[in-house]
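Worksheet for the structure shown next.
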Amino acid sequence: MDNRDNIFSFEIDAVQGFFVPDEAVLYDLVIAGWGPAAVSAAIYAARKGLNTAIVTKFKGGQINDTPVVENYPGFKSIGGKELTLEFNVHARQYGLPLLTGEAVTKIEKNNDIFYTSTENQRILKSRTVIYATGKRNRRLNVPGEEKFIGKGVVFCAICDAPLYKDKKVIIAGGNNSAFTVATDLVKIAKNIVIINIVRGWTADSYLQNSLKKYNNVEMLDYHRIESITGNNDFKGIKVRNLETSGLYDIDADGLFVEIGLIPNSDAVAGLVALNDNKEIITDRDCETSLPGLFAAGDVTDVTYKQVVIAAGEGAKAALSADNYLKFISNKGE
Ligand SMILES: Cc1cc2nc3c(=O)[nH]c(=O)nc-3n(C[C@H](O)[C@H](O)[C@H](O)COP(=O)(O)OP(=O)(O)OC[C@H]3O[C@@H](n4cnc5c(N)ncnc54)[C@H](O)[C@@H]3O)c2cc1C
């Protein structure tokens, strides 16, 4: 039976075809992450017969928080959560060991064996690794942000937007993510203020145009959020007009932070070459600077960051890992 009801529940993974990896086993491949790149890599690896284990912080990637995806072939329009569910339904048929709820904290290589450590001190052994850990939200790093996360400072619009019905909200950012959030919130919230630190807006023009018909949207470019205000409860922000240097308060009920993403490459920093944006440098076959360690998707320096591209890169990484393993096993023959 294709039971999709609790596909995100860890407890029922076992009955759905996933089970916990075995630390005693030397796997052909360990995959870090479970977004589109990792899922695709897992499907290709399973079909190549590689003994594969997966370790991921969350079961699903950035699209989990995306209201709708309209550019993934085969689905004219599908919710991000629904697409993640389709990926899980597809992948689980291979019965792969998958460890969820644990981030990879470190990867080491000794005598051609990779040791992948997790935040709960587990260590998985493998002959190759595919690192596909994507990106996470960039923070403002201003006073008060940490204190009010989840209590007025919001990073997941799809999760929290409904809480701001008829309220005043601020959106930090000027990119597609910020405007996507704005186009959702404009129909729910009473007022929206969009604040960008640089001059102008980088969101696609169709997104910018979609806001023009609303009169409850204020747009402030070249303004910098200096701090979050409020003692016990979130009150709003202090913002500086970078043109005039004037500092003033904007009171609001919530602040949605949409100022970009940073790669989750910390666990391999120092092990493989990263670019200035901390993305893993890969060649066209998803090879990194360390033989046997492949990387795919948004955590890499691949030019465009999209679901279809991450899935394609994941497939390439798995095929490259398979080739590498063939080369290793033929060595010395
Ligand atoms: C708001 C928004 C809207 C978007 N809309 C679209 C769209 O409409 N169409 C489109 O094609 N693309 C869209 N994208 C981009 C798309 O979501 C990404 O390109 C894609 O998800 C990248 O896939 P990935 O597998 O590389 O990484 P991710 O999706 O980021 O997945 C990374 C995975 O790694 C896990 N992980 C992270 N750190 C660790 C760690 N240390 N150890 C183990 N696991 C870890 C995470 O839990 C997650 O499972 C959107 C992105 C955002 C933010």
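A few remarks follow.
- The lone exception for E218 - which of (1) in a strand (DSSP E or B); (2) under 30 Å from S289 (Cα atoms) it fails: (2)
Yes or no, residue by residue, for (1) away from the ligand (no atom under 13 Å from the Cβ); (2) not small (G, A, S):
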site: L261; (1), (2): no, yes
site: S265; (1), (2): no, no
site: V268; (1), (2): no, yes
site: N275; (1), (2): yes, yes
site: E287; (1), (2): yes, yes
site: V308; (1), (2): no, yes
site: G314; (1), (2): no, no
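- Note on the stretch 187-208: residues that are farther than 25 Å from E243 by Cβ and at pLDDT below 95 total 4.
- Any chance T303 is of a type in the set (V, I, T) and in contact with a Ser or Thr (Cβ under 9 Å, 6 or more places away or on another chain): no
- For first residues located in the stretch 71-83 and free of Cβ contacts under 8 Å to residues at least 12 places away in the same chain and among the acidic types (D, E), partners that are more than 10 Å from the ligand (Cβ to nearest atom) and outside any helix (DSSP H, G or I) and lie 6+ apart or on another chain with Cβ distances below 9 Å form the pairs E82/F75.
- Residue check for T116: on the phi < 0 side of the Ramachandran plot, away from the ligand (no atom under 14 Å from the Cβ) and either surrounded by 22 or more Cβ atoms within 10 Å (Cβ to Cβ) or over 16 Å from the mean Cα position of the chain (by Cα) (or both): no
- Scanning the stretch 150-164 for residues that are of a type in the set (G, A, S), touching a residue at least 24 places away in the same chain (Cβ under 8 Å) and in contact with a helix residue (DSSP H, G or I) (Cβ under 9 Å, 6 or more places away or on another chain) yields A157, A161.
- Scanning the stretch 231-261 for residues that are assigned to a loop (DSSP other than H, G, I, E, B) and surrounded by 19 or more Cβ atoms within 10 Å (Cβ to Cβ) returns F234, A252, D253, E258, I259.
- Tally of residues being touching a residue at least 60 places away in the same chain (Cβ under 8 Å) and closer than 15 Å to N215 by Cα across the stretch 171-186: 2
- Scanning the stretch 136-170 for residues that are under 19 Å from L211 (Cβ atoms) and of a type in the set (K, R) yields K165, K167, K168.
- Leading residue by the ranking (nearest to E258 (Cα to Cα)) among those in the stretch 119-144 that are within 11 Å of the ligand (Cβ to nearest atom) and in contact with a helix residue (DSSP H, G or I) (Cβ under 8 Å, 6 or more places away or on another chain): K135
- Single residue of L85, L26 found to be modelled with pLDDT of 95 or more, over 18 Å from A315 (Cβ atoms) and surrounded by fewer than 22 Cβ atoms within 10 Å (Cβ to Cβ): L26
The values are calculated or read from the model by the stated rules, or taken from the named source; none is laboratory data. Predicted model, so just to flag it, every value in this text is computed and none were measured. Note: ideal-geometry Cβ built from the backbone for every residue, glycine included; neighbour counts use all protein chains shown.
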